1. Out of residues 5 or more away from W174 or on other chains, whose amide H comes under 5 Å of its own, with H placed 1.01 Å from N in the peptide plane?
2. Can you tell me the 0 to 90 degree angle between the C-alpha axis of helix 477-488 and the longest principal axis of the chain, rounded to 10?
3. Taking all protein chains as present, what is the carbon and sulfur share of the accessible area of the chain, in % to the nearest whole number, probe 1.4 Å?
4. Taking the full set of protein chains and a 1.4 angstrom probe, give the accessible area of C22 in square angstrom, rounded to the nearest 10.
5. Based on Cβ point charges of +1 for Lys and Arg and -1 for Asp and Glu, what charge dipole magnitude is obtained for the chain about its Cα centre, in debye rounded to the nearest 20?
6. What is the calculated FRET efficiency for A317 to L425, with r their C-beta to C-beta distance and R₀ = 25 Å, to the nearest 0.05?
7. Considering amide H positions built from the backbone, and no H for Pro or chain starts, which residues 5 or more places from V17, or on another chain, come under 5 Å of its amide H?
8. With everything on Cα atoms, drop me the angle between helix 398-414 and the longest principal axis of the chain, reported from 0 to 90° to the nearest 10.
Amino acid sequence: MSSRIVDSSAVVTAAAVELDGCGLTVADVVRLADGVAWPVPQEAAMKRATRSWDAARQIAATGRVYGRSTGVGANRNEDVPTEAAAGHGLRLLRSHAGAIGEEVPARQVRAMLAVRANQLLAGGAGLRPSVVTALCEALESGAHPVVNEFGSVGTGDLTALAQVGLALAGEHPWRGPDGTVRPGGPGVNGPGGSVTGVPEPQPLDNNDALALISSNALTLGQAALALHELRGLIAATQVVAALSLLAVDGSHEAYAAPVHEARPHRGSTEVARRMRQLIGAADRPAPPLGRIQDPYGFRCLPQIHGPAHDAADALEAVLAVEINAAAENPLISPDDLAAYHHGGFYQAQLALALDHFRLAVTQVARLSTSRLSTLNEPAYTRLKPFLADHEPASSGVMILEYAAAAALGDLRAFSAPASLGHAVLSRGVEEQASFASLAARQTLRACGAYRLVVGCELVAAVRALRQRDLKPEPGLPAARALELAEAVLDEDQADRPLTDDVTAAAALLDRFTDIWRGNGA
């Protein structure tokens, strides 16, 4: 299989993502990870990678270059004899391919391959260009190297990428498009060409090994996937909150334009505007007829959702730099024929942005549990406690408070700042670590718990609206959301297990994201 390469002036179809080393987005990474698009290396970017490779070999042949003509880590001052250079690259990959733990899911590995292929096209790695082609072939075919979870501390995903390198060299297993494990090696695709989707082995040497693994591509891919999902879920949560607001006759004043013009934080202002749009509220709503103000779950929603949107924007800005960065150490500069040794692999910006984002997301989830408690209160709904049916002492949705609190407990644990971690490694030479890799894994793990918390609120909100026979005005986004929810949530309000209801509600949140974005459902 040969990957498609296009001229920079060519028109790339909707099913393709052009890799040029400078314009890859989080959305592009998600599409490639999901297999709904294929990568297309830009011709000019491939030429840039080729020029970098040529320069790297020339530099390494005439001087000392870390990882190419020397050892790595504490062995950085140990020269590799010329006669041993050919095998140095494979030895480096073999020694570093020691990742441990569970196998990383295919989607996350594909995100890593997409990020690394694009970074190599930025032109600073000095790696043979055929590796880019092989990575793109794997993404297009659906094959991916077997990669294990643990090995990175936020100063490069060395172990995961070394496993990729050994797989490319034919010494490490792949998973084919059908999920079966396939060995690499010469002739893997047989005489008839590519039948397994596994690229033909690459002749990696001392000029390729460190150049390939000097990246945080797995961490960046995982962070991109987590950001994409959680950003959508935060938006969906506001749609759920709009239904809850209707169920408790909530005030619109908290979302009034003058309130947010007086304190113009961008995220909060946008959340308030979107809430007015969801529920059909005026920019300057009339005072409520009942209680003078609502609990924090409704009244402080813009002030809590807004920072989460801002944190998502900040994280995306960091990712936009990193997934298009030539951050390899050393950086190969063909223009001045130099190899610059540096610490650009250190992911402090990413770790801090991920930690900030998880803390903001946890506050949004916690606010959802506050609204769930309000929905269980007769003083706000004018219904029986816990939205119970007519039977004496029925528990209704009481247990959802416990379930949501339990899921929130996991989310709270995942939000602990990974950047507080510390490690001194390689005989003290590498005496600091960002733990961005942990931050990315924790952010991914937060997705499932977050969904369940908001799913509990949605089940309760729909039950309250049904019991009160309330519906948003036709044509409003909130009306469409309720229509979708009523179509999938059981009308039976007798005491019964609500597991399936919450599962269905959690799955529905992706369609609520579309409603929030104004894309219908």
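The values are calculated or read from the model by the stated rules, or taken from the named source; none is laboratory data. What you see is a predicted model; the values in this text were computed from it and never measured. Cβ placement follows ideal geometry from the backbone for every residue including glycine, while neighbour counts extend to all protein chains displayed. Side chains are part of the model used for accessible areas, which takes the heavy atoms of the whole protein and leaves out ligands, DNA and RNA. Shrake-Rupley method; radii C 1.70, N 1.55, O 1.52, S 1.80 Å.
1. When sequence neighbours closer than 5 places are left aside, the close amide H contacts are V146, R182, G184.
2. 90 degrees
3. 55 percent
4. Per-residue accessible area (C22): approximately 90 Å².
5. 560 debye
6. Efficiency for this residue pair is about 0.30.
7. Long-range HN contacts for V17: W38, V40.
8. In the chain, helix 398-414 runs at an angle near 30 degrees to the longest axis.
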